[in-house]
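Structure record follows, encoded as structure tokens.
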Amino acid sequence: HALEIPHDEL
Amino acid sequence: MNIFRLTGDLSHLAAIIILLLKIWKSRSCAGISGKSQILFAIVFTARYLDLLTSFISVYNTSMKVIYIGCAYATVYLIYAKFRATYDGNHDSFRVEFLVVPVGGLAVLINHTFSPLEILWTFSIYLESVAILPQLFMISKTGEAETITTHYLFCLGMYRTLYLFNWVWRFYFEGFFDMIAIVAGLVQTVLYCDFFYLYVTKVLKGKKLSLPA
């Protein structure tokens with residue numbers, strides 16, 4: 001699994 | 001991007017700017033909890049470390065930079081420039097009772113056990129309770145300036161609007177972030193009592209004062 005989850009919210 | 005998300009972000013921005021302007025124009029941070037402002041600076045720093053690792057949009061990047069910049073500017077005004085007006089005696093909430101449990105929770109309950117992701121989770125949890133020193137201060141002094149209540153209203157509305165945004169995103173995008181949703185609910189609930197006072201008192205032209 002990805003080590004980094006993209007968080008597109010502020 | 002939907003209307004709830006956008007108005008939520010703008011409400012957040014409005015809150016931050018109202019507070020900065022209030023302190024700057026009155027040359028005073030009386031009635032403002034420096035501890036809450038330090039917590040918000042920590043929240044933004046921990047959450048927006050991804051500025052260095054991923055690019056989402058110009059909007060996303062600029063808002064993050066503005067939020068971080070304003071958070072540190074506010075802390076600077078309270079603890080340096082207008083320190084003489086800072087009401088430290090009434091700002092007596094013990095922040096370690098928030099930061100330590102929230103840090104532990106972030107390590108235990110997160111999406112992925114990686115440094116950046118744990119810091120993101122920590123910032124989400126911490127933000128949900130970061131206003132408590134400010135609310136504690138108001139309950140201690142029994143009153144708040146009207147401009148301070150406008151700040152709190154905008155800040156509370158921001159996460160409330162995000163709740164609608166998450167409902168929207170769940171139905172239209174299948175997007176679902178349990179950590180953000182639960183923390184957002186907690187955050188919004190903490191404002192409920194204040195929202196009631198804001199609507200029943202401040203909007204009717206009265207100053208917010210609590211019964212002794």
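Miscellaneous remarks
- Residue list for the stretch B:1-40, filter: polar (S, T, N, Q) and crowded, with 22+ Cβ neighbours inside 10 Å: B:SER33, B:SER36, B:GLN37
- Residue list for the stretch B:168-185, filter: in a helix (DSSP H, G or I) and either surrounded by 13 or more Cβ atoms within 10 Å (Cβ to Cβ) or within 14 Å of chain A (Cβ to nearest Cβ) (or both): B:TRP168, B:ARG169, B:PHE170, B:GLU173, B:MET178, B:ILE179, B:ALA180, B:ILE181, B:VAL182, B:ALA183, B:GLY184, B:LEU185
- A residue that is away from chain A (no Cβ under 14 Å), without any contact (Cβ under 8 Å) to a residue 12 or more places away in the chain and in a helix (DSSP H, G or I) can be found somewhere in the stretch B:2-21.
- Residue match in the stretch B:153-164 (condition: within 14 Å of chain A (Cβ to nearest Cβ), basic (Lys, Arg), touching a residue at least 12 places away in the same chain (Cβ under 8 Å) and not in a strand (DSSP E or B)): yes
- Boolean, B:ILE56 is farther than 23 Å from B:MET137 by Cβ, in contact (Cβ under 8 Å) with a residue 12 or more places away in the chain and either in a helix (DSSP H, G or I) or within 12 Å of chain A (Cβ to nearest Cβ) (or both): no
- Test: residue in the stretch B:88-95 that is modelled with pLDDT of 95 or more, assigned to a helix (DSSP H, G or I) and within 16 Å of the chain's Cα centre (by Cα): no
- Of residues in the stretch B:41-53 being of a type in the set (Ser, Thr, Tyr) and surrounded by fewer than 19 Cβ atoms within 10 Å (Cβ to Cβ), the one nearest to the other protein chains (Cβ to nearest Cβ): B:THR53
- Taken over the stretch B:67-105, the criterion of being in contact with a helix residue (DSSP H, G or I) (Cβ under 7 Å, 6 or more places away or on another chain) and either within 14 Å of another protein chain (Cβ to nearest Cβ) or exposed (fewer than 12 other Cβ atoms within 10 Å of the Cβ) (or both) is satisfied by B:TYR67, B:ILE68, B:CYS70, B:ALA71.
- Qualifying residue in the stretch B:40-61 (condition: of a type in the set (Asp, Glu) and either under 25 Å from B:PRO115 (Cα atoms) or more than 13 Å from the chain's Cα centre (by Cα) (or both)): yes
- Just so you know, in the stretch B:126-148 the residues that are within 21 Å of B:ALA14 (Cα to Cα) and of a type in the set (Asp, Glu) include one that is surrounded by the most Cβ atoms within 10 Å (Cβ to Cβ), and it is B:GLU127.
- Residues in the stretch B:104-149 that are touching a His at 6+ places or on another chain (Cβ under 8 Å) and part of a helix (DSSP H, G or I): B:GLU117, B:TRP120, B:THR121, B:MET137, B:LYS140, B:THR141.
The values are calculated or read from the model by the stated rules, or taken from the named source; none is laboratory data. Computed from a prediction, not measured in an experiment: that's the story for all the values here. Cβ: placed from backbone, ideal geometry, glycine included. Neighbour counts: every protein chain shown.
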